[in-house]
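The values are calculated or read from the model by the stated rules, or taken from the named source; none is laboratory data. These figures come from a predicted structure and were not determined experimentally. So basically every Cβ, Gly included, is an ideal-geometry build from the backbone, and we count neighbours across all protein chains shown.
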Amino acid sequence: MIRGLSDATSIVRAVHTRETSARDVTSAALRALGAVEPRLRAFLCTFESEALRAADLVDARVAKGERPPLAGVPVAIKDNICLGPDLCARGDGLGYGGTTTAGSRILARYRSPFTATAAQRLIDAGAIVLGKTNLDEFGMGSSTEHSAFGVTRNPWDTDRVPGGSSGGSAAAVASGVCPIALGSDTGGSIRQPAAHCGVVGLKPTYGRVSRLGLIAYASSLDQVGPIASSVADAALCLQAIAGHDGGDATSAREPVPDYSARLEDKPQRLVVGVPGQARSGANSPELADAFEASLNLLRGLGAEIVSVDIPMLDHAIAAYYVLAPAEASSNLARYDGVRYGTRANLSPQEGLRDLYERSRSEGFGEEVKRRIMLGTYALAGGYYEQYYATATKVRRVLREAFGRALATCSMIATPATPGPAFRIGAKTADPLAMYLEDVYTVGVNLAGLPAVSVPMGCTSGPGKPLPLGLQLIGAPLQEASLLQAAAMFERARGPLTHRPEVTAI
Ligand code: GLN
């Protein structure tokens, strides 16, 4: 990174005033990527020459008097978000090849024919795509260890996971390669890796950002959103990607407010609700202390801290791990080796059934197969009422309870995760332990709410310092006030006491 230009806001200002060029920023970002990538493995592919060409196009736009809102900002895109062969709708002929793997062997040779709306909007706003980032296969996981293409390491401690499933995006931002990355969040995959990597992650309200071109995991829960180096950068990114899209029937028609304009304002009256579950005995002691200190910090800023009661939150994990696999089992049926996906090589004696069976057995990883089986079971005749229908009811009651709680407070606070990033390999043999990582995040997706994870401090050892995340949850479409509160918290908290072990800044 160019000194003093490590955040998107400063980069945009410097490129607009031509104090620097998008090309220089991009070259510096590519050097940073080259320096840290061998230790982190955050990227599945990178676009050196394409990024430099894209930067030249942005510089040309600026020279003509245009002021693209993300001019020259290097970004990374989670590899379940499609980039088509022709990236610039303007017909500049700039292409990134269309590779989109979703972290799966089954899509290793897939080429997307089009670009996801969220990615296209970033590009149109002047952002420069450096590459596609690693993830748990199809977004299923909390550590990025379930990628078919290797493990990404946490920049704070390379023996630990970066969280997941958007672990590559979080590691890229945390190591200073780029100030903004796109992630997707079905049950915490933006907020949890952001927390584990000491950066900001925002899951927008369901429908706020288009899902067109996001490879579906669980369609009633999936959202695209920013992982960013600061709350201000998250606001800039959300501004570019939010808004209605005719290509996604679930995208909201409500106008997009100006998220950056009022970011520095102090919310008029801030009442922060804390559910009893936020103080679970399962929280690590240091995280529990950091959470109480954060509430005190908010109190000192004039917030009123109140208790809220959301009993159904106890059942969020159980409901999520029925509903998400059920939707996944249906969404992943399309990878049959005929329409999509790598096709198994058949011997002359084998038939169509073998083609399906072998393509799917060879193409999907263990965790994805586990989810498909769980989901198929939950939807099967005889079990449907007991599992899928019950989980749907839990979801409705939970959504109503969140609604009631959010009528009595401005936002809800919980930790983003129960503890700091865990060691690589610590939970791979125990799926249930891995699922419990999501205890604070999945309820938000079931209720369709916006939530932000913002760093609240670091552990003090023994071992390397590790960041911890505070989660703020808002009412539908209240991203602006969530960002305001998160920005206020971030300013009052000040810089984190420690820095990542692997950093380009
Ligand atoms: N860890 C959760 C899961 O495995 C959430 C993943 C996500 O948000 N994509 O389903």
Only one of (1) touching a helix residue (DSSP H, G or I) at 6+ places or on another chain (Cβ under 7 Å); (2) modelled with pLDDT under 95; (3) aliphatic (A, V, I, L, M) does not apply to Leu496, and that is (1)
Mind listing whichever residues of the range 357-381 are over 16 Å from Leu323 (Cβ atoms) and either surrounded by 18 or more Cβ atoms within 10 Å (Cβ to Cβ) or within 16 Å of the ligand (Cβ to nearest atom) (or both)? Ser359, Arg360, Gly363, Phe364, Gly365, Glu366, Glu367, Val368, Lys369
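Which residue is surrounded by the fewest Cβ atoms within 10 Å (Cβ to Cβ), if the candidates are limited to the range 33-45 and must be among the aliphatic types (A, V, I, L, M) and assigned to a helix (DSSP H, G or I)? If you could, list the steps in order and put the result at the bottom.
First pass over the range 33-45, keeping only residues among the aliphatic types (A, V, I, L, M): 33, 35-36, 40, 42, 44.
Cutting the leftovers down to assigned to a helix (DSSP H, G or I) gives us 33, 35-36, 40.
Numbers: Leu33: 25, Ala35: 15, Val36: 22, Leu40: 25.
Looking at the filtered set, the residue picked out is Ala35.
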Looking only at the range 107-153, filter to residues that are closer than 18 Å to Ala426 by Cα and more than 16 Å from the ligand (Cβ to nearest atom); which one of those is nearest to the chain's Cα centre (by Cα)? Arg153
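Only one residue in Arg211, Arg191 is charged (D, E, K, R), closer than 28 Å to Ser330 by Cβ, at pLDDT 95 or above and under 11 Å from the mean Cα position of the chain (by Cα), so which one is that?
Numbers: Arg211 fails: under 11 Å from the mean Cα position of the chain (by Cα).
Exactly one of Arg211, Arg191 is charged (D, E, K, R), closer than 28 Å to Ser330 by Cβ, at pLDDT 95 or above and under 11 Å from the mean Cα position of the chain (by Cα), namely Arg191.
Find the helices (runs of 4 or more DSSP H) located wholly in the range 358-440 whose residues include 1 or more that are under 21 Å from the mean Cα position of the chain (by Cα) and closer than 27 Å to Ala102 by Cα, and list them. If you could, list the steps in order and put the result at the bottom.
On the way: elements: 366-379, 390-408, 431-436.
Because the criterion is at least 1 residues that are under 21 Å from the mean Cα position of the chain (by Cα) and closer than 27 Å to Ala102 by Cα, the helices (runs of 4 or more DSSP H) in the range 358-440 that meet it are 366-379, 431-436.
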Please verify whether Gly341 is of a type outside the set (A, V, I, L, M, F, W, C), outside any helix (DSSP H, G or I) and in contact with a Gly (Cβ under 7 Å, 6 or more places away or on another chain), treating the condition exactly as stated. yes
If I ask for residues that are in contact (Cβ under 8 Å) with a residue 40 or more places away in the chain and in a loop (DSSP other than H, G, I, E, B), which ones from the range 46-65 would you list? Phe47
Output the number of the condition that Tyr96 fails; it satisfies all remaining conditions of (1) at pLDDT 95 or above; (2) in a loop (DSSP other than H, G, I, E, B). (1)
Of all residues being of a type in the set (Val, Ile, Thr) and away from the ligand (no atom under 11 Å from the Cβ) in the range 405-451, which is surrounded by the most Cβ atoms within 10 Å (Cβ to Cβ)? Just the residue, please. Thr414
Filtered residue count, the range 187-218, keeping only those that are away from the ligand (no atom under 12 Å from the Cβ) and either surrounded by fewer than 24 Cβ atoms within 10 Å (Cβ to Cβ) or in a loop (DSSP other than H, G, I, E, B) (or both): 11
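With the structure loaded, tell me whether Gly276 is at pLDDT 95 or above and farther than 30 Å from Thr115 by Cα or whether it fails that test.
Details: at pLDDT 95 or above: yes; farther than 30 Å from Thr115 by Cα: yes.
In short, yes.
Quick check on my filter: what residues within the range 173-185 are crowded, with 24+ Cβ neighbours inside 10 Å and in contact with a Pro (Cβ under 9 Å, 6 or more places away or on another chain)?
Initially, the range 173-185 is screened for residues crowded, with 24+ Cβ neighbours inside 10 Å, giving 173-175, 177-185.
Scanning the range 173-185 gives Val173, Ala174, Ser175, Val177, Cys178, Pro179, Ile180, Ala181, Leu182, Gly183, Asp185.
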Is it true that some residue in the range 238-257 is touching a residue at least 40 places away in the same chain (Cβ under 8 Å), within 16 Å of the ligand (Cβ to nearest atom) and either of a type in the set (D, E, K, R) or buried (at least 24 other Cβ atoms within 10 Å of the Cβ) (or both)? no
Within the range 166-186, can one find any residue that is among the hydroxyl-bearing types (Ser, Thr, Tyr), in a strand (DSSP E or B) and either at pLDDT 95 or above or in contact with a strand residue (DSSP E or B) (Cβ under 8 Å, 6 or more places away or on another chain) (or both)? yes
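Yes/no per residue for (1) among the small types (Gly, Ala, Ser); (2) crowded, with 23+ Cβ neighbours inside 10 Å; (3) in contact with a helix residue (DSSP H, G or I) (Cβ under 6 Å, 6 or more places away or on another chain):
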{"position": "Gly302", "(1), (2), (3)": "yes, no, no"}
{"position": "Val306", "(1), (2), (3)": "no, no, no"}
{"position": "Pro311", "(1), (2), (3)": "no, no, no"}
{"position": "Ala318", "(1), (2), (3)": "yes, no, no"}
{"position": "Ala326", "(1), (2), (3)": "yes, yes, yes"}
{"position": "Ser329", "(1), (2), (3)": "yes, no, yes"}
{"position": "Tyr335", "(1), (2), (3)": "no, yes, yes"}
{"position": "Val338", "(1), (2), (3)": "no, no, no"}
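For residues that are within 12 Å of the ligand (Cβ to nearest atom) and touching a Leu at 6+ places or on another chain (Cβ under 9 Å), tally how many sit in the range 157-168. Show your work before the answer.
Going residue by residue through the range 157-168, those that are within 12 Å of the ligand (Cβ to nearest atom) are 161, 163-167.
Now narrow it down to the ones that are touching a Leu at 6+ places or on another chain (Cβ under 9 Å): 164-167.
Total satisfying the criteria: 4.
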So which residues in the range 1-32 are surrounded by 19 or more Cβ atoms within 10 Å (Cβ to Cβ) and at pLDDT below 95, if there are any at all? Met1, Leu5, Ser6
Of all residues in the range 123-165 being outside any loop (DSSP other than H, G, I, E, B) and farther than 18 Å from Thr100 by Cα, which is modelled with the lowest pLDDT? Asp124
Any hit, the range 270-281, residues being touching a helix residue (DSSP H, G or I) at 6+ places or on another chain (Cβ under 9 Å), part of a loop (DSSP other than H, G, I, E, B), of a type in the set (Gly, Ala, Ser) and in contact (Cβ under 8 Å) with a residue 60 or more places away in the chain: yes
State the number of residues belonging to the range 6-42 that are of a type in the set (D, E, K, R) and within 22 Å of Val231 (Cα to Cα). 2
Per the filter on the range 170-186, residues within 13 Å of the ligand (Cβ to nearest atom) and polar (S, T, N, Q) are Ser184, Thr186
Consider Ala504 carefully, then state whether it is in contact with a Gly (Cβ under 7 Å, 6 or more places away or on another chain) and buried (at least 22 other Cβ atoms within 10 Å of the Cβ). no
